[in-house]
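Worksheet: the structure to be examined is printed underneath.
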Amino acid sequence: MTMKNSLNTTFVQKAIKPGRYFDGGSGLHLLIRGKNKKYWIYRYMRSGKRQDMSLGVFPLVSLAEARKKAVEASFDLAKGINPIEARKATKTAALKEQQNRINFRDFAKNCIEAKSHEWRNSKHGDQWTYTIEEFANPIIGDKPISQITTEDIITIL
């Protein structure tokens with residue numbers, strides 16, 4: 001079902017004039033700030049205040065994807081949920097889940113690799129690797145970093 005004054009893919013691709021272009025009455029609009037700066041925004045009212053929720057950058061987010069995200073946000077609003085807060089909570093939960101999957105052994109290895117270019121002497125990297133392998137990994141190497149406790153660190157020391 002298309003609404004009057006709805007956006008279409010061709011318009012979205014070719015539009016370059018800065019401004020806001022609304023997709024009917026759905027709250028979705030395309031914000032153009034320059035020739036190649038196009039953003040999807042979902043505008044809604046909550047507690048008497050207007051709020052704008054970013055849905056992504058065009059072309060990384062297509063018109064169809066932006067519409068889908070706007071509908072999902074509308075459903076959240078209908079349930080009394082602020083869609084911006086819901087998205088933040090989802091991101092926080094995903095980050096926590098990711099942290100639970102990263103073990104100390106892999107985290108330490110990545111840190112050493114990331115910092116190695118800062119050391120003046122290659123022996124520093126060898127010293128760090130030896131210390132982690134010899135003292136830390138036998139105790140916490142396979143443990144998720146989010147579950148490492150003060151007691152674990154004291155045991156290592």
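Both radii are taken from the alpha-carbon atoms of the chain; with Rh as the Kirkwood radius, Rg/Rh is 1.22.
Spin-label pair Thr9-Asp106: with each label point 7 Å from Cα along the Cα-Cβ axis, the two points sit 3.7 nm from one another. Calculated FRET efficiency, Ser146 to Glu118, Cβ-Cβ distance, R0 = 25 Å: about 0.45 to the nearest 0.05. Using only alpha carbons, segment 36-75 has a radius of gyration to Kirkwood radius ratio (Rg to Rh) of 1.02. Accessible surface calculations at 1.4 Å, restricted to protein heavy atoms, place segment 47-157 at 74 Å² per residue. Length, then width, then depth: along the principal axes, the Cα atoms of segment 72-157 run 60, 31, 16 Å. Simple spin-label estimate for Thr129 and Ala78 gives 5.8 nm between the two label positions (7 Å along the Cα-to-Cβ direction from each Cα). Once the gyration tensor of the Cα atoms in segment 39-119 is diagonalised, the equivalent ellipsoid follows with semi-axes of 36, 17, 12 Å, ordered largest first. Here segment 67-88 and segment 94-157 have alpha carbon centers that stand 39 Å from each other.
I need the calculated FRET efficiency for the pair Glu85 and Ile153, taking r as the beta carbon distance and R₀ as 30 Å, to the nearest 0.05. Don't jump to the answer; show the numbers that get you there.
Values: r = 35 Å, r/R0 = 1.15.
About 0.30, to the nearest 0.05.
When the charge dipole of the chain is built from unit charges on Cβ atoms (+1 for Lys and Arg, -1 for Asp and Glu) and taken about the Cα centre, the candidate among Val12, Ser47, Phe135 whose Cα reaches farthest toward its positive end is Val12. A viscosity of 0.692 mPa s and a temperature of 37 °C, combined with the Kirkwood radius over Cα pairs in Stokes-Einstein, give a translational diffusion coefficient for segment 118-157 of 293 µm²/s. Using a probe radius of 1.4 angstrom, the carbon and sulfur fraction of the accessible surface of the chain is 55%.
Pairwise alpha-carbon distances in segment 1-79 exceed 15 Å for 53% of all pairs.
Largest GNM mean-square fluctuation across Phe135, Phe22, Phe58, computed for the chain with C-alpha springs under 10 Å, falls on Phe135. What the Cβ-Cβ distance of Asp52 and Glu97 gives, at R0 = 35 Å and to the nearest 0.05, is a FRET efficiency of 0.80.
The values are calculated or read from the model by the stated rules, or taken from the named source; none is laboratory data. In this text, all values refer to a predicted model and were calculated from it rather than measured experimentally. Cβ sites come from the backbone with ideal geometry, for glycine too, and all protein chains shown count toward neighbours. Please note that ligands, DNA and RNA were not included when accessible areas were found on the heavy atoms of the full protein model with its side chains. Shrake-Rupley method; radii C 1.70, N 1.55, O 1.52, S 1.80 Å.
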